[in-house]
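In what follows, a structure is listed as structure tokens, so that the remarks can point back to it.
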């Protein structure tokens, strides 16, 4: 579930941080930049694990800040395909189940990957597994065990395009910002997402299996 990823970056240290030890100052900057953020084809960064090497510091003229090239290892959340994980049901829709692991919510179990005999209850807004004549409800916040089926990285970098009004004039900054926010909210794609399945013995609600 968690792996170590080796990364390189140039760290900018503000003069106010010069009183810190080099290791602490560099670690603080890296954690602020990377923690809880997705690096493409790497995964969700959690925190700095260790620092492998640093270059000599240099200061740019008229800047006052110190710069240092760093090679470091980051603790990253990136389960391997086929790994079995446990989370909680966050929400349900006719398309499937969304699972949360507290620190990561972009896990989807499509309805096609649920157990045979599972159906969506529109009144309760949950899925129900019909097992040997008994209805087993998959309630919100129930602990659920699933297997990772696929992962997907998407470029979530916002793009801003010049826009004009109906009269042909350029929109104001406020108008442009509002339009961009509306588009972003309506087409939001997570930078990193997992797809899971329940189609294997031992998967499903933990309460079904006595654990």
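The values are calculated or read from the model by the stated rules, or taken from the named source; none is laboratory data. The structure displayed is predicted, hence computed values, not measured ones. All Cβ positions, even for glycine, are placed from backbone atoms using ideal geometry, and neighbour counts span all protein chains on display.
What do you reckon, is residue 128 touching a residue at least 60 places away in the same chain (Cβ under 8 Å) and in a strand (DSSP E or B)? No, not satisfied. Residues of the range 8-56 that are without any contact (Cβ under 8 Å) to a residue 24 or more places away in the chain, loosely packed, with under 15 Cβ neighbours inside 10 Å and touching a helix residue (DSSP H, G or I) at 6+ places or on another chain (Cβ under 8 Å): 20 alone. Of all the numbered requirements in (1) at positive phi; (2) in contact with a helix residue (DSSP H, G or I) (Cβ under 7 Å, 6 or more places away or on another chain); (3) in the same structural domain as residue 22 (by TED's automatic domain parsing), residue 68 misses one, and that requirement is (1).
Which of the residues spanning the range 58-75 are touching a strand residue (DSSP E or B) at 6+ places or on another chain (Cβ under 6 Å), farther than 15 Å from residue 24 by Cα and at pLDDT below 95? Across the range 58-75, the qualifying residues are 58, 59, 65. Selection of first residues in the range 135-149 that are at positive phi and at pLDDT 95 or above and of second residues that are surrounded by 19 or more Cβ atoms within 10 Å (Cβ to Cβ) and in a strand (DSSP E or B), restricted to Cβ pairs under 7 Å at least 6 apart or on distinct chains, gives the following pairs, ordered by first then second residue: 141/89. Being touching a strand residue (DSSP E or B) at 6+ places or on another chain (Cβ under 9 Å), more than 26 Å from residue 145 (Cβ to Cβ) and part of a strand (DSSP E or B), is that true of even one residue in the range 88-96? Within the range 88-96 (the criterion being touching a strand residue (DSSP E or B) at 6+ places or on another chain (Cβ under 9 Å), more than 26 Å from residue 145 (Cβ to Cβ) and part of a strand (DSSP E or B)), the answer is no, since none of the residues qualifies. Just one of the numbered conditions (1) more than 19 Å from the chain's Cα centre (by Cα); (2) modelled with pLDDT under 95; (3) in the same structural domain as residue 22 (by TED's automatic domain parsing) is not true of residue 40; which one? Against the list (1) more than 19 Å from the chain's Cα centre (by Cα); (2) modelled with pLDDT under 95; (3) in the same structural domain as residue 22 (by TED's automatic domain parsing), residue 40 comes up short only on (1). With the condition kept exactly as written, say whether any residue in the range 196-211 is under 20 Å from residue 110 (Cβ atoms), loosely packed, with under 13 Cβ neighbours inside 10 Å and either in the same structural domain as residue 43 (by TED's automatic domain parsing) or modelled with pLDDT of 80 or more (or both). Yes - at least one qualifying residue is present in the range 196-211.
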